[in-house]
Amino acid sequence: MSRWRPPAEKSTALVTAEGHARLKAELDELWRLRRPEVVKALAAAAAEGDRSENAEYTYRKKQLGEIDRRVRYLSKRLETLRVVDAPPADREAVFFGATVDVEDVASGESWRYRIVGPDETDAKRGWISIDSPLARAMLKKRADDEFEAALPAGNARFVILDVGYRAGG
């Protein structure tokens with residue numbers, strides 16, 4: 001069995017101002033705080049002798065690799081991201097950064113979603129990626145518009161109840 005994986009699909013290179021600040025803070029924390037701690041612990045574990053049977057050394061090596069991978073990803077990603085910090089000219093339609101109230105036509109249940117970049121999604125807060133099927137289906141729609149989205153559970157019909165944008169993007 002091969003370790004090769006197909007490359008991930010290209011994601012939209014948009015981010016909100018607060019998402020960009022969070023990613024920069026994560027990169028800074030990893031580089032200035034966590035990585036030096038792990039390097040110090042790795043050096044201490046390496047000084048204990050036989051590395052082949054040293055669980056602490058193995059664990060710290062793996063942890064350092066994970067941190068370095070994330071630092072490399074964030075460094076490259078932050079260079080390519082475009083920060084969207086202003087609402088669109090047409091605030092009545094759904095675009096990046098919108099907070100949208102939708103209702104499932106069949107069940108009558110309603111949800112609130114915020115359309116954000118793929119690097120800042122948060123299911124608990126209702127933040128969905130602009131690349132998600134639901135967000136793609138509702139783009140450019142307005143209040144009272146119906147749309148259909150191809151979801152993992154099957155196609156579903158929704159109606160947009162409200163569209164809003166936060167101050168400052």
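Grab the DSSP H runs of the chain that are 4 residues or longer, score each as -39,500 (n - 2.57), total them, divide by all residues and round the 222 nm result to the nearest 500 deg cm²/dmol.
Working: 4 runs with 57 residues, N = 169.
About -11000 deg cm²/dmol.
A protection proxy built from the mean count of other Cβ atoms within 10 Å ranks the segments 43-54, 155-166, most packed first, as 155-166, 43-54. Expressed as a rounded percentage, what relative contact order does the chain have, with Cα pairs under 8 Å and six or more residues apart? Across the chain, relative contact order equals 24 percent. Taken along its principal axes, the alpha carbon cloud of region 1-60 reaches lengths of 48, 37, 10 Å, longest axis first. Heavy atoms of the protein chains alone define the surface here; on that basis the chain has 65 Å² accessible area per residue at 1.4 Å probe size. The candidates 72, 5, arranged from most to least accessible area with a 1.4 Å probe in the full protein assembly, appear as 5, 72. Over 10 Å intervals from 0, what percent of Cα-Cα pairs in region 112-159 sits in each interval? Spelled out bin by bin, region 112-159 gives 27, 55, 19 percent. For the chain, with a Gaussian network of springs between Cα atoms less than 10 Å apart, report the residue from 75, 107, 129 with the top mean-square fluctuation. With Cα springs under 10 Å in the chain, the top fluctuation among 75, 107, 129 is at 107.
Here's the picture: charge each Lys and Arg Cβ at +1 and each Asp and Glu Cβ at -1 in region 1-146, and of 128, 64, 89 the one pushed furthest to the positive end of that dipole is 64.
Considering only protein heavy atoms and a probe of 1.4 Å, how much of the accessible area of region 115-163 is carbon and sulfur, as a whole percent? Percent of accessible area from carbon and sulfur atoms in region 115-163: 48. Short to long, the 5 Å bins of the Cα pair-distance histogram for region 78-153 hold 3, 14, 25, 27, 18, 8, 3, 1, 0 percent of all pairs.
Residue separation of residue 63 and residue 143 scaled by 0.36 nm, minus their Cα-Cα distance, works out to 24.0 nm of gained length.
Normalised by residue number, the volume inside the convex hull of the Cα atoms of the chain is 161 Å³ per residue.
The values are calculated or read from the model by the stated rules, or taken from the named source; none is laboratory data. As the structure is a prediction and not an experimental result, all values here were calculated from the model. Methodologically, a virtual Cβ is constructed for each residue, glycine included, from the backbone with ideal geometry; neighbour enumeration extends over all protein chains shown. The accessibility values were calculated without ligands, DNA or RNA, using every heavy atom of the protein model including side chains. Shrake-Rupley method; radii C 1.70, N 1.55, O 1.52, S 1.80 Å.
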